[in-house]
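The values are calculated or read from the model by the stated rules, or taken from the named source; none is laboratory data. If you're wondering where the values come from, they're calculated on a predicted model, not measured in any experiment. Quick reminder, even Gly has a Cβ in these numbers, built from the backbone with ideal geometry, and neighbours come from all protein chains shown. The accessibility values were calculated without ligands, DNA or RNA, using every heavy atom of the protein model including side chains. Shrake-Rupley method; radii C 1.70, N 1.55, O 1.52, S 1.80 Å.
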Amino acid sequence: MRKRSPSLSLSSYGSGWSANRRIAIVAAAVAVLLAIAGVVALLTGGGNSHQAPGAVVPAPTGSASSSEAAPKPSSGSGSVPKPPQISEPVAYAKAAAQMLWSYDTRDTSRDQQLAGMRAWMTAETKYADWASVSGQVPDPVLWSRMADQDQHATAHVTEGHYPGAFKQALAEDPSAITEAYIYVVTVNGKQTLSWKKGGGGAEERAVTLAVQCRPNHDCTLAAIAPSVTQ
């Protein structure tokens, strides 16, 4: 078996949402359809975490600080793709998951990675949980170690869907989402990692995202849930 290398693992969904942020984002998504306790359960304890048994390395505890601002390097965002102009929630969530599971330390600095990811976020600060996204990026020391090994990853998304509880809430009151237009979407796929001397590995990935898609506007990313909800 090939030796595994430290990796940017985006299946450990950071310490993520604070209690207040959780309520603001998730309650906006399902409005008054669910009690606050039910909302918290939906995205914190109601789903199953999908991390492969042979996961490469979970996101380190020294990941980006929750208060870390997104850098704006003059050199751009490296290999991080620009957000697509998509107005359909599931399609945007699938593109966002592929972005989150892909990186290349050979030509992208940590600051560039953060800046590129920040471009996908909603500009509505009331609903944006940047900490849940920036927290997926390893700290500067680990990123440097990964770069020393030329570590990079690609992703293949297999499917995306609305979790059952979210679909039920929408079915009961379709108009409730019209305050913030935030949709909860779960995406599944696979991440393939490579590094020096032919090293590599692959594992299944799953993530639940909060995506904002206002009418007549392109979708944006609001947050990453701390656990996967199916």
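Within region 175-196, can you find the residues that are under 21 Å from the mean Cα position of the chain (by Cα), buried (at least 23 other Cβ atoms within 10 Å of the Cβ), at pLDDT below 95 and more than 14 Å from A225 (Cα to Cα)?
none
Got a sec? Which of A123, A119, A96 is modelled with pLDDT of 95 or more, exposed (fewer than 14 other Cβ atoms within 10 Å of the Cβ) and within 17 Å of the chain's Cα centre (by Cα)?
A123
Name the single residue, out of those in region 136-149 being in contact with a Ser or Thr (Cβ under 8 Å, 6 or more places away or on another chain) and open to solvent by less than 60 Å² (accessible area, probe 1.4 Å), that is nearest to I224 (Cα to Cα).
Q136
Consider Q113 against the criteria (1) under 22 Å from H217 (Cβ atoms); (2) under 14 Å from the mean Cα position of the chain (by Cα): it satisfies all of them except one. Which criterion is unmet?
That leaves (1) as the condition not met.
Scan region 191-219 for residues that are of a type outside the set (V, I, T) and not in a loop (DSSP other than H, G, I, E, B) and report the count.
16
If you check A206, A180, A202, which single one turns out to be of a type in the set (G, A, S) and farther than 27 Å from Q85 by Cα?
On the way: A206 fails: farther than 27 Å from Q85 by Cα; A180 fails: farther than 27 Å from Q85 by Cα.
Checking each option against the conditions leaves just A202.
(1) of a type in the set (A, V, I, L, M); (2) crowded, with 17+ Cβ neighbours inside 10 Å; (3) closer than 23 Å to Y162 by Cα; (4) modelled with pLDDT of 50 or more: which one isn't true of L114, the others all being true?
Evaluating L114 over (1) of a type in the set (A, V, I, L, M); (2) crowded, with 17+ Cβ neighbours inside 10 Å; (3) closer than 23 Å to Y162 by Cα; (4) modelled with pLDDT of 50 or more leaves (3) as the failure.
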